Amino acid sequence: MATPVNIPELQRRYAYLVVFVLLVFGLLIGRLWQLQVARGAAYRAAAADNYLQERTIAAARGAIFDRAGRLLVGVRPSFDVYAAPRFVDEPALERFLRELRLDPERARAVRRRVAAARATRRNQRLLLVRDIDRDQLAQLEMLKPELPAFDAVAVAQRHYLHGAVAAHLLGYMSEVTAEDLAHDARGRFQAGQLVGRYGVERLYEDQLRGVTGVERVVVDAHGRRRHESWAAALLGGQPRRVAPRAGNTLVLTIDLELQRRVERALRRYASGAAVVLEVETGRVLATASYPAFDANLLTGRLTPQQARELLDDPGRPLLDKVFRENYFPGSVFKVVTAIAAVEDGIASWDEHATCKGWHAFGRRVFRCSHTHGKVDLHRALAESCNVYFYLLAERVGLDRLARYARLFGLGATTGVGLNGEVGGFIPTKAWYAQRGRPFRLGFTLNAAIGQGSVKVTPIQVAALYAALANGGRLYAPQIVERIETPAGETLQPFQPRLRRGIQLRPETLQRLRAALVAVVEDPKGTGHESRIEGLSVAGKTGTAQVIRRGFATMRSLEDHSWFAAYAPVEAPQIAVVVLIENGGQAAKVAAPVAMEIVRSYFAPAVAAPGSTTAPPPRAGRGAGRKP
Amino acid sequence: MTGWGKLRAHFDWPLGICMVVLVTVGLANLYSATATTTLTLVRQQLGWLVLGFGVFLVTATLDYRLFYRLAYPLYGAGLLALLLVLLVGKSVNASQRWLELFGFAIQPSEPMKVLLILALAKYLHDDPTVEERTLRHVLIPFLLVLAPVVLVLRQPDLGTALLILLLFVSIMLLTKLRLRAVLTLLLAVIAASPLIWSYVLRDYQKRRIYTFLDPSSDPGGSGWHSRQSILAVGSGGWTGKGYLQGTQNRLHFLPERWTDFPFAVWAEEWGFLGSVALLAVYVVLVLLAVRLASQARDRFGAVLCVGVAALLFWHTVFSIGMVTGTIPVVGVTLPFVSYGGSSMMTTMCATGLLMNASVRRSSY
């Protein structure tokens, strides 16, 4: 079969073939050089990035106790689901969301989170779902062989043991936002972490958080952790595990039992605030803003629907009305007017005036609550006669009034720093001048009875009345008694902080106190109806107009109802301030609430039938404390 | 002399050594690629090897003229098998490439390459036209090639179809074509490419091409394999991570480690030096085949050797090119090294033909 072949012709073409073969293989070798030698180190690092995974170990967040050692905020065991985005492809994610029966809203959030992390943090395990329930956990364990990338991790979920109790003081937590992370220069936060958003959870975030630990592990392409020795050897000299450091413990100044009773007392009305201060130290024994929220709901698993409901609630549950809202003080402010008048000798306690139920000033008529007839300063305070204070105001002047108001801490934040505390406002002539409104004496008249442009917060009023009770020492309210290590050693005790000692003439103090006692004890006093048999209480009612009546276009709102008090009169222990929003007559609304709080403080068992016997309010810690 | 005696007398040692080296590398590499999961594949591959060596011995010792005479019937049988694949074949990953036979799954498109080489060799041998072929002379060989290409594309298996076409081009380039014919063919290919894009290529194939052009377009999907393979090769560095130490391999980041990406396993564990050494063996093998072609006494032998050289060359280039991200991802096996019976049989058969030609060259 041999056919002659044109040998020389073919030979040349074989030579071309050889050249071609060598050329192509040369190109391949060039490519290998480029990948393995030129870029080898970079690819080696990228390959290590494939199998090295850093898993964060959450630090135990510090617990929060009340002054008696009762646990307020702790943790409960729960399970979160984590996965590294790299191992979560679309079908797996769909399957996961379907099997766990996540509602569409949560499912969307999970998808967003995975999509966001795919680009940048592909290897870091990402928190997908927080706090799954028992059924979901069982389901996930069953699906483990098919969905190996999803890990249920036992974590400690923040738990507010008493639900909504002291909600605004304790606060709540929520997940760090992209914005938080962007501003987090010190690297304090990880994506998916919860941070304190409100209350002491926010204020003491740095103390409570602790330091996140990290564990370095080797994973395979399916996200499974490999324990074999050769796999472990890949970790090299890097530390395998950096243990987390638990956060510190907060011991608050509040008393849980008192706090509960304060909240129960407030619940009679739609919305309000109450605060109880320890007169001799400025410690906050209870602070309540009603309506409140359930911190367990807000922490981590609030749905947008629930968020809307909270935001739309007319009672403004997310607002801390003790620290965060300005109110006209109404007649509780009259003590300041009285002090301003008598301290500088502008008026004396015994001057009389006649109240006809109104006071004509310029072309306006300023009204009084009653026709009080002939009154002196004592009766004007006890019976809350506006006319007397109008007359006094004309002589005292706005700036003197402002000076005394500021002296007692009104119109400025108390320095607690909680929940974006607002400062209230005390007007001066200069302020009116700045605003371009010609000053009129009528402004002073309104200011003298705590209206006009005077705005205060309940905590300011409480600090003022505590100062009247203790003889002029204005304390910065204190909410944290001490910070402890996780082991229970005191790390930082907080001493009462005196803002200023106010020197009042003994006579001023004595007669002012007598007037405040008369508010409750005198049959004609505005608080008389709510007096407590066997316990002397000094106090002052305030009924603050919210919107001036007669503005036809605006819906007329009920007055805010105030009562500020301290007790017992002989040796004051607590100052109590109650504000009922749009409650109406103080004597009928705020005063009974305040009195119930006072009564519950001094006779806990009587005030709260059915509740267990509370430890004495100043008892040391121990009983309720977890080991 | 019998075929066996001739083989013993004139055994082509360089060829044999290349084969043994590659087979050994392949087994060691397969062991590394599968050690973390199962040894079944290594055992199976050993079986294929024994069988393959048998095929090698048979093709190396059988009378050369037998292949010449049976070229067309064998080619016809191959076409029939490809047709059967489409009718009763087994589907794996949405493409139908396998035939169940005696409990074995065989991939007829693999042996078809050798059968096609034989058919082309016979046709060119018989064609009285010596040189200066025009388009008319190319028509019948082209039809010979077109039939398997169309059948393979229906599976669909783009890689194999492309390989068959390249075999054809390689062989035809050896026979002198008129320049005009070459240019016309070139124009035809360019003109046909939009049609191929629209009617022949499947969506996943287009996606692979897009991903190859812009790997960042789909880092999670079809770019993933390519990316992981490049990582494996690149992270090998100069000397590699060491045998059984490749992290991309052992932690399963590499896809298709034993069929389409075995070179990545090798490159990761043996580095640039090991990769070049392995490449060198392939170069020697291909050049041995080219030299055998040049020493052939007849056109049948010459075309056969060039065809086998092209087969080994393109398989190696495609496989390594894909693994190094030099060309888009197409599933092509690495001769002697990839796991798989059909591939091993085909390669052994092709090498057997080379050995046959080598022995015959010195025996006349």
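A few comments on the model shown:
- C-alpha long axis of helix A:104-120 to longest principal axis of chain A, angle in °: 60 degrees
- Residues A:GLU383, A:GLU205, arranged from fewest to most other Cβ atoms within 10 angstrom of their Cβ, appear as A:GLU205, A:GLU383.
- Calculated diffusion of the range B:113-197, Stokes-Einstein form, Kirkwood radius summed over Cα pairs, 25 °C and 0.890 mPa s, µm²/s: 181 µm²/s
- Taking only Cα atoms of the protein assembly as shown, radius of gyration then Dmax in Å: 45.6, 148
- Dimensionless Rg/Rh of the range A:261-343 - Kirkwood Rh, Rg from C-alpha atoms: 1.10
- In Hz, Karplus ³J(HN,Hα) per residue of the range B:179-186 (6.51, -1.76, 1.60; θ = phi - 60°; x = Gly, Pro): 4, 4, 4, 4, 5, 4, 4, 4
- Anisotropy class of the range A:325-460 from Cα gyration tensor, a/c 1.5 cut: prolate
- From least to most packed, judged by other beta carbons within 10 angstrom and beginning with the fewest, B:SER229, B:SER95 follow the order B:SER95, B:SER229.
- Between A:ARG108 and B:ARG43, the C-beta separation translates, for a Förster distance of 41 Å, into a calculated FRET efficiency of about 0.25.
- Dipole orientation for the range A:256-607: of the candidates A:SER384, A:VAL569, A:LEU318, A:SER384 has the Cα lying most toward the positive pole (charges on Cβ; Lys, Arg +1; Asp, Glu -1).
- Debye log10 I(q)/I(0) for the range B:154-313, one point scatterer per Cα, at q = 0.20 Å⁻¹: -1.20
- Just checking the listed ones, B:VAL265, B:VAL169, B:VAL92: in the Gaussian network model of chain B with Cα springs under 10 Å, the one fluctuating most is B:VAL92.
- Cα-based radius of gyration of the range A:206-270 once divided by 2.2 N^0.38 Å, which approximates compact folds: 2.22
- Helix A:506-521 axis, angle to chain A major axis (alpha carbon atoms, nearest 10°): 90 degrees
- From the Kirkwood radius over Cα pairs of chain B, Stokes-Einstein at 4 °C and 1.567 mPa s returns a whole-number translational diffusion coefficient of 61 µm²/s.
- With Cα atoms, 0 to 90° folded angle of helix A:398-407 axis to chain A main axis: 60 degrees
- Over the range A:256-607, the fraction of Cα-Cα pairs per 10 Å bin, rounded to whole percents and listed from the shortest bin up, is 6, 25, 35, 23, 9, 2, 0.
- Gain upon complete extension [A:GLN306, A:ARG240; 0.36 nm per residue less C-alpha separation]: 19.6 nm
- Short-range pairs are left out: with C-alpha atoms under 8 Å and at least six residues apart, the relative contact order of the range A:256-607 is 20 percent.
- Taken along its principal axes, the alpha carbon cloud of the range A:394-437 reaches lengths of 36, 23, 11 Å, longest axis first.
- nm² value of the averaged projected area, convex hull over the Cα atoms of the range A:445-493: 5.2 nm²
- The alpha carbons of the range B:68-149 give a radius of gyration and a Dmax of 15.2, 49 Å, in that order.
- Rg and Dmax of the range A:95-203, based on Cα coordinates, read 16.0, 45 Å.
- Residues A:ARG209, A:ARG111, A:ARG226 in ascending order of nearby Cβ atoms (within 10 Å, fewest first): A:ARG111, A:ARG226, A:ARG209.
- Take each residue of peptide A:20-29, count the partner chain Cβ atoms within 10 Å of its Cβ, and average: the result is 6.
Read the figures in this text as sums done on the coordinates, not as results from a lab. Bear in mind the structure is a predicted one, so any value in this text is a computation, not a measurement. For neighbour counting, all protein chains shown are included, and Cβ atoms are generated from backbone atoms with ideal geometry for every residue, glycine included.
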